[in-house]
Amino acid sequence: MKKRRSFQGGRMHTNASPTAAESGAAGRQYSRRDNRANERPETSSRDRDRDPTAPSNSQMIRQRTELSPSASQSIPAVMMNRSTLHPLLYRKRLTKIEDARPGDLVAVMAEDRIVGYGVYNPRSEIAVRVLWNTDVFPTDEDWMRKLRDADQLRRGTLKLAESTNAWRLIHSESDGLSGLVVDQFADVLSAEAFGLGMYQRTQLLMPHLCEITGAKHWMVRTSPQFVSQEGCDPPPLSSANCPSQVVIQEFGTRFRVRFEGGHKTGFFCDQRENRRRLADFCEGASVLDLCCYTGGFSVQASVLGKASEVIGVDLDEEPLKVARENANLNQARVRFVQADAFSYMRDMIRNGRLFDVVVLDPPKLIRTRMEIEEGTRRHYALNRLAMQLVRPGGLLLTCSCAGLLQESEFLNLLYAAVRNSNQSEDTDGSTRSSSTPPRTARIIARSGAAPDHPVISNCPETDYLKAVWMIMD
């Protein structure tokens, strides 16, 4: 029987034993770098690594010389146990696989007919990333059409160039290129590959994207989970003399984007509209930006929002260096603090400090289904503390970028955090009842990623970012 999750008395109860996060022993901020170090290959990945017949790392990461094989060449096929339009086909869904090499374009079949084409990796649990749901064989022109359509959506339909020169250009499944995301930062295209088939084709795709967009440089990195999920360890790639940093503008505010050592592609374009919207609440206000990274919300609260006081808090020193540079670029008055978010919030609560606006935008706390329970508890613990720092009538903007955390679950943990936000906390992290009446909150808006991160109907996981706007009473 499937375990049901519920909140009682501020705790999440399941049949599972308590975790360190639940007991308070691990109640610290998880930085955007921590989850990279904590990734461990799945057992199946380790087993495949020991397979003496498996292709070597150098064979798997070799760049392709063609996007699709010529029409005269036969291509291998995979058979699904039942038809689906979802672009991610796990190995357990496949009943037959013809002889195919890692990264090959394969025909996807169901009920003895071709229903699509995708790229194949036998060493990944996601064995096929479907790129076309059609029986028509894709040519190189079909690949190019995907690139042009993606650029047209951002520049033509959305007219993003009128307000910024930084946006998500390729959004993986939503643009028909599962396993690849590309952000454009001024004249640099920064890509992250998390599928082997797409990585093998980046030296073909990225120059074409530069021609389409007018960008001068490109770079490709792999996701932190690539080794465990795809079974190989490819090096980063880039065009000649690609810069390591660039300055972009967003609604007139300037930001420095550093590519080396940065998170994902270097800057979070998905929060663009939420940063602008937050400014409407900030005039003359005191603002606390928790898990601020390179200061996107902090700087915009000061520049666009005209806040009277802004404090940005993050655990990682390197992003904070960039955040301070971003504040200086715009002559913004922001104080950045390197601190654990949990410890900082507890100190502020003990000091009786309140803010008009609190932003909580933590890194991804849930990366696999096994992390849902513990990651949900971390979200709950962070929000329960953050709510105590919002003055009555003030705003809490709280976010989750975990695609595996459903919006209904996120709302449930927020409701529980509100009910228990009056509880005081002992030094060991445990909570106890307070004589203070419980607070209430009013949700005034819910939002998600900016429109250059579209959600596609046959892949709900592309709807990953949740932002809830709450007035704390």
Response to the item:
Given a Förster distance of 56 Å, the FRET efficiency implied by the Cβ-Cβ spacing of residue 458 and residue 347, rounded to the nearest 0.05, works out to 0.75
Worksheet, complete the sentence: Charge dipole of the range 44-132 built from unit charges on the beta carbon (Lys, Arg +1; Asp, Glu -1), centred at mean Cα; most positive-end Cα among 73, 94, 107 is 94
Worksheet, complete the sentence: Quick shape summary for the range 44-132, equivalent ellipsoid via Cα gyration tensor, semi-axes whole Å in descending order, reads 21, 17, 11
Worksheet entry | Full-stretch length increase - residue 244, residue 85 - with 0.36 nm per residue and alpha-carbon distance subtracted | 53.3 nm
Discussion item. Calculate the FRET efficiency for residue 370 and residue 445 from the Cβ-Cβ distance with a Förster distance of 30 Å, rounded to the nearest 0.05.
Written reply: 0.40
Fill in: Normalised contact order of the range 247-472, rounded percent, pairs of Cα under 8 Å and 6 or more residues apart
17 percent
Worksheet item: Helix 372-387: angle to the longest alpha-carbon principal axis of the chain, degrees 0 to 90, nearest 10?
Response: 30 degrees
Worksheet item: Using alpha-carbon positions, what is the distance between the centroids of the range 51-112 and the range 270-297, in Å?
Response: 44 Å
Discussion item. Please compute the contact order of the chain in relative form: average sequence separation of alpha-carbon pairs under 8 Å and at least six residues apart, divided by the residue count, as a percent.
Written reply: 14 percent
Practice prompt. Note the angle between two axes, namely the Cα long axis of helix 202-213 and the longest principal axis of the Cα atoms of the chain, as a number of degrees from 0 to 90, rounded to the nearest 10.
Written response: 70 degrees
Worksheet entry | Cα-Cα pairs of the range 247-472 separated by more than 27 Å (percent) | 30 percent
Worksheet item: What is the Rg over Rh value, at two decimals, for the range 140-242, using alpha-carbon atoms and the Kirkwood definition of Rh?
Response: 0.96
Discussion item. If you fit an axis through the alpha-carbon atoms of helix 317-329 and take the longest principal axis of the Cα set of the chain, what angle between them do you get, 0 to 90°, nearest 10?
Written reply: 80 degrees
Fill in: Cα centre as origin, Lys/Arg/Asp/Glu Cβ charges: the chain dipole, Debye
980 debye
Worksheet item: What does the convex hull of the Cα atoms come to per residue for the chain, in Å³?
Response: 151 Å³
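Here, each number is a calculation from the coordinates, and none is a lab measurement. These numbers come from a predicted model, not from an experiment. All Cβ positions, even for glycine, are placed from backbone atoms using ideal geometry, and neighbour counts span all protein chains on display.
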